[in-house]
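Reviewing the structure listed below.
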Amino acid sequence: MSTPEIATAPAPTRVAHHRRYLMCRPEHFTVEYKINPWMEPATPTDTAKAVEQWQKLHDLYLELGHEVELIEPLAGYPDMVYTANGGFVIGGRAYVPEFYYEQRRGESPAFAEWFRANGFDTVLPKEVNEGEGDFLLAGDVILAGTGFRSAGDSHREVHEVFDREVVTLTLVDPRFYHLDTALTVLDPVQGVENGGPERANVAYLPNAFDEASRKILAERFPDAILVADEDGAVFGLNSASDGYNVIISPRATGFEKQLRERGYNPIMVDLSELLLGGGGIKCCTLELRGA
Ligand code: ARG
């Protein structure tokens, strides 16, 4: 008698895609004001340690074969390291942010200038929006967060700028105030025309969203990885994927396992110092999607 086979579906083969990112060395990083629940101005920060941790992420992207562009850090703007908030870029067009909090507003002209100088079709915003912190491209669809930072009107504006479907998702937990703290796009291939899926798969933290948004996510992404609260709470979802390698926080051990089971290659990078400002891996990474 032969032993019955246990049916386990093999994990699909994943392919890494080339990425071009914009980063900013945290030379002026510190926490001197509080605009999210993670920031405690009374807790000392170590700028040298922030730079060292950031450098590891930067170097890892290069080792993985990606391209990294740098924007000059501005003194007096300690949050500029979180370049995900510096814009939202698709097809060589850059939609510039309009920050919710006064403390970051001076970053916008610097990002706009960088985009212009680097040949991007640069669109200035009318509405409050915090760039790729709240807008994530999943296949051909723009997932747009609101509730804390980017205003609902920016969702209409981002639709006008890129002429793509925009899906509004409402965040409800102040710890997860940007969409990129609660949801990761796992297969960031741009558009069906490039051989990508119409809707790329995602991982998300269900409890960060209101009920209506959870319903939308469940319908649109039936195969999504649902991440546990304890992994979300260590910023596990603030990660960057190239379709195979997914850079995540070393504390998100459950998410790491889920990724492996699905055939992804999680790589751990510790940005504990930058977490004192309420940002992680994805926050420090802005994707520059070319024309
Ligand atoms: N201290 C920054 C802020 O509150 C952190 C931004 C994090 N960025 C992000 N994409 N989630 O604005």
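Rule-based calculations on the coordinates, nothing more; no lab input. Given the structure is predicted, the values throughout are model-derived calculations rather than measurements. Note that each Cβ is placed from the backbone with ideal geometry, even for glycine, and that neighbours are counted across all protein chains shown.
Structure notes:
- Verdict on LEU259 being more than 18 Å from VAL234 (Cβ to Cβ) and either surrounded by 20 or more Cβ atoms within 10 Å (Cβ to Cβ) or not small (Gly, Ala, Ser) (or both): no
- Per the conditions (1) within 16 Å of the ligand (Cβ to nearest atom); (2) within 16 Å of the chain's Cα centre (by Cα), the sole criterion not satisfied by LEU276 is (2).
- Of everything listed in (1) touching a residue at least 24 places away in the same chain (Cβ under 8 Å); (2) of a type in the set (Gly, Ala, Ser); (3) within 28 Å of ARG164 (Cβ to Cβ), the single unmet condition for GLY106 is (3).
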